[in-house]
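Every number in this text was worked out from the coordinates using simple rules, so none of it is lab data. All values reported here derive from a predicted model rather than from experimental measurement. A quick note on method: Cβ atoms are made from the backbone with ideal geometry, for glycine too, and the neighbour counts reach across all protein chains shown.
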Amino acid sequence: MKLSKDDYELIHYEYSVLLKSVEYLEESFIQCKNIQIINFDELNSQDKINIEALTSRFARTSDIFLKKFLKLLAAIEFLEYQSLRDLIHIAEKKNWIESADIWIKIRQLRNTIAHEYTINDRKEIFQLTINFSPYIINDSRQLENYIKQYHY
């Protein structure tokens, strides 16, 4: 597929934005992965700040990955889909992501973080964020192979 110079530059710009967000997510993930929560209120203030940064970066990076970068790749490749769930399944078939099921769960967690976050959910949200962050990090970096393979 022959890309215009504008499309080529846009893909590389948006991918650099994604990778910068992934870098921040990974930094937070490393800071938080060994935190053990028994009672959230008993954590020290730095751990609470780190956990809040992790969940925020998780939500932001998953948005950039799905709603910006995958949508851009789909548009450039003239792929049609009705919903974000459809795009996620297409992405799995194109080997842009490891698992559609995992990314649907990532999207659900992102929505919980953004819209329904309650005090009682903090421990579970933290654990799910720790569990799913590596998928965002790995799938984002794996896209570089696809970009190079198709000369984007």
### Query
What residue among SER62, SER133, SER16 has the largest mean-square fluctuation in a Gaussian network model of the chain, using Cα springs under 10 Å?
SER16
### Query
If one takes the longest principal axis of the Cα atoms in the chain, at what angle in degrees, from 0 to 90 and to the nearest 10, does the Cα axis of helix 84-93 lie?
70 degrees
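Using the C-alpha gyration tensor of the chain, what are the square roots of 5 times its eigenvalues, in whole angstrom, with the largest one first?
Over the Cα atoms of the chain, the semi-axes work out to 31, 16, 12 Å.
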### Message
Within 10 Å of each candidate Cβ there may be at most 10 other Cβ atoms; applying that plus a DSSP loop requirement, which trypsin sites (Lys or Arg not before Pro) in segment 1-108 survive?
### Response
LYS2
### Proximal lysines relative to LYS105, as straight alpha-carbon distance under 21 Å, when same-chain residues fewer than 8 apart are discounted
LYS33, LYS67, LYS68, LYS71, LYS93, LYS94, LYS123
#### Entry: Among ASN111, ASN44, ASN95, residue whose mean-square fluctuation peaks in a GNM of the chain (springs only between Cα atoms under 10 Å)
ASN44
### Task
May I ask you to list the residues of segment 104-144 whose amide nitrogen lies under 15 Å from a point 7 Å from Cα along the Cα→beta-carbon direction of SER56?
113-115
### Task
Note the angle between two axes, namely the Cα long axis of helix 122-149 and the longest principal axis of the Cα atoms of the chain, as a number of degrees from 0 to 90, rounded to the nearest 10.
20 degrees
### Query
If you average the sequence gap of Cα pairs under 8 Å that are 6 or more apart and divide by the length of segment 1-113, what percent do you get for the contact order?
27 percent
